[in-house]
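The values are calculated or read from the model by the stated rules, or taken from the named source; none is laboratory data. Given the structure is predicted, the values throughout are model-derived calculations rather than measurements. Backbone-built Cβ (ideal geometry, glycine too); neighbour counts: all protein chains shown. Please note that ligands, DNA and RNA were not included when accessible areas were found on the heavy atoms of the full protein model with its side chains. Shrake-Rupley method; radii C 1.70, N 1.55, O 1.52, S 1.80 Å.
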Amino acid sequence: MEQPTFTPPYQPIALNGTEEGAESRRSLRKAVTMRAHLRDRGQTRFEIDVTDLSLMGFRAETAFALWPGTIVWLTLPGLAGLEAVVAWRDKTQYGCAFAKPLHPAVFDHIIALSQR
């Protein structure tokens, strides 16, 4: 099976011809508080706390060690696994970029779930 290729959507982009720094995003991030599961290629499944979400990725917290470049699948309640790659790590916090951006309706559904 061919390995997926990821275009890193987590790098800062120029807005209006200027560099906005590390907080530049390709899409709006929404703060959420959700328990979810993450699985790596080794089939290890563990719980995480998703703390923010965008069409392009998510931030999560877990004590499980992951490394940038690791391919993972995020499973949120009621949804199929969403493929992503770990973009960065800071102790127990991780930023992950989805292999394919979320459809806006799926994004809205997940945000609604997080507010219940």
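Here are some notes:
- Model label sites at residue 63 and residue 49, defined 7 Å from Cα along the beta-carbon direction, differ in position by 1.2 nm.
- Evaluated on the stretch 26-116, the Kirkwood hydrodynamic radius is 12.9 Å, with distances taken between all distinct Cα atoms.
- Averaged over its residues, the stretch 22-93 has an accessible area of 55 Å² per residue, based on protein heavy atoms and a 1.4 Å probe.
- If the segment from residue 111 to residue 91 were pulled out straight at 0.36 nm per residue, it would be longer than the present Cα-Cα gap by 4.6 nm.
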